[in-house]
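These notes concern the structure reproduced below.
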């Protein structure tokens, strides 16, 4: 079955249906576009949630490890959602728009030729109908006059005139019928079959494009389902590793020193393999064999270290930080407890929770010490990023042109700040300007 063979008399309906089908194509593209936007927003919301510094998990040991795994896997899922949304917008939605534009000219040309011939056909049909009606009226009037000729001598004379006029009317009717027949033959056997064949080809291609893109859409969603299943399996495996005995042991080790008598302390091996002794403001602090981060640093020297473990603190004077944060050491109170600063917040922290910054992790300050940094920028100021920067080492912050960062520390051409997503780290000071 085909348009040109079976639907020659239905060209106007096929033309209307074709336009309706392309309107549906646009609606489908709009649906996928809106779906992609919703999916992108969902993915970004997940990433923002799990990366928020406000999402603190005041715990320790295997529970904390499991929760960190949950955040990592959910971040990967959020990234998969945002990447998928870009695929939908470019590789799935765009072909609909492109096909509409590519076939628009051909559709207009095809319907224009058919519409022109249809208009001519309708005009000739009107002429034929008018000629036929005129002939029928003339014949009827002639017959009426002839019937009244016996009673009205003039009636026969009028009838004779109409009979002669009928010959001319018949000639016009025959001509109108010939012209109509020729036009119908051209319209139904030449113009319309070609036009319908073109419209059928376009429609078949349209259906093919829709099928291909819907298959791509389904495959993309299937990938997300599989990806989520894999990540959820990772989360479940992490949860099975939660161990109450290990966590209780960690908690005991954390606080056991607070209840240890001086005599007990002197009898025990003073090597500290877990957490340092509790801090105190007294000058007679109990000393352990915990090695400082860098013996070459004097107590009066400020320097940076990298957090090796999370530290949540137990008192209001404690400095909280996460593994990987850069801590600026302000003072060593003793060998175990130091005073430092992270993101503008100061407090005490255990020295064995941090480690020296390797040379390859240190920001290359030599290249920025003599650059043009705005001297008016102070701690607490909001700045706009004027040049993007990709972090080169742990403790650095990747920044994007146009985003806003809040400055928490200034150090030799480098700033430490926090972006709008709550992420913090170091970046070159000359890459931002004061708002």
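The values are calculated or read from the model by the stated rules, or taken from the named source; none is laboratory data. Computed from a predicted model, the values in this text were never measured in an experiment. Note: ideal-geometry Cβ built from the backbone for every residue, glycine included; neighbour counts use all protein chains shown.
Just to be sure I understand, how many residues within the range 388-409 are closer than 21 Å to residue 355 by Cα and part of a strand (DSSP E or B)? Spell out how you get there, then give the answer.
As a first pass, look at the range 388-409 and keep what is closer than 21 Å to residue 355 by Cα: 391-397, 409.
Of the ones still in play, those that are also part of a strand (DSSP E or B) are 396, 409.
Matching residues across the range 388-409 total 2.
Could you go through the range 303-316 and let me know if any residue there is in contact with a helix residue (DSSP H, G or I) (Cβ under 9 Å, 6 or more places away or on another chain), surrounded by 19 or more Cβ atoms within 10 Å (Cβ to Cβ) and not in a strand (DSSP E or B).
No, the range 303-316 contains no residue that is in contact with a helix residue (DSSP H, G or I) (Cβ under 9 Å, 6 or more places away or on another chain), surrounded by 19 or more Cβ atoms within 10 Å (Cβ to Cβ) and not in a strand (DSSP E or B).
Identify, from the list 47, 32, the residue that is more than 24 Å from residue 421 (Cα to Cα), touching a residue at least 24 places away in the same chain (Cβ under 8 Å) and assigned to a helix (DSSP H, G or I).
On the way: 47 fails: more than 24 Å from residue 421 (Cα to Cα).
Only one candidate qualifies: 32.
Got at least one residue in the range 195-206 being exposed (fewer than 14 other Cβ atoms within 10 Å of the Cβ) and at pLDDT 90 or above?
Just the residues of the range 195-206 that are exposed (fewer than 14 other Cβ atoms within 10 Å of the Cβ), to begin with: 204-205.
Restricting the remaining residues to those that are at pLDDT 90 or above gives 204-205.
Within the range 195-206 (the criterion being exposed (fewer than 14 other Cβ atoms within 10 Å of the Cβ) and at pLDDT 90 or above), the answer is yes, since at least one residue qualifies.
Quick test for you: out of 67, 96, pick the one residue that is modelled with pLDDT under 90 and within 30 Å of residue 254 (Cα to Cα).
Numbers: 96 fails: within 30 Å of residue 254 (Cα to Cα).
Exactly one of 67, 96 is modelled with pLDDT under 90 and within 30 Å of residue 254 (Cα to Cα), namely 67.
Could you please find all residues in the range 415-428 being within 14 Å of residue 375 (Cα to Cα) and buried (at least 23 other Cβ atoms within 10 Å of the Cβ)? Explain how you work it out, then say what you get.
In the first step, residues of the range 415-428 are kept if they are within 14 Å of residue 375 (Cα to Cα); the result is 415, 428.
Listed by number, the list holds a single entry, 415.
Considering each of 112, 108, 117, 127 in turn, give the residue that is within 60 Å of the chain's Cα centre (by Cα), surrounded by 15 or more Cβ atoms within 10 Å (Cβ to Cβ) and either assigned by TED's automatic domain parsing to the domain that holds residue 180 or in a helix (DSSP H, G or I) (or both). I'd like the intermediate steps shown before the answer.
Values: 112 fails: surrounded by 15 or more Cβ atoms within 10 Å (Cβ to Cβ); 108 fails: surrounded by 15 or more Cβ atoms within 10 Å (Cβ to Cβ); 127 fails: within 60 Å of the chain's Cα centre (by Cα).
None of the other options fit; the residue is 117.
Given the options 234, 272, name the one that is in contact with a helix residue (DSSP H, G or I) (Cβ under 9 Å, 6 or more places away or on another chain) and either at pLDDT 50 or above or assigned to a helix (DSSP H, G or I) (or both).
On the way: 272 fails: either at pLDDT 50 or above or assigned to a helix (DSSP H, G or I) (or both).
So the residue among 234, 272 that is in contact with a helix residue (DSSP H, G or I) (Cβ under 9 Å, 6 or more places away or on another chain) and either at pLDDT 50 or above or assigned to a helix (DSSP H, G or I) (or both) is 234.
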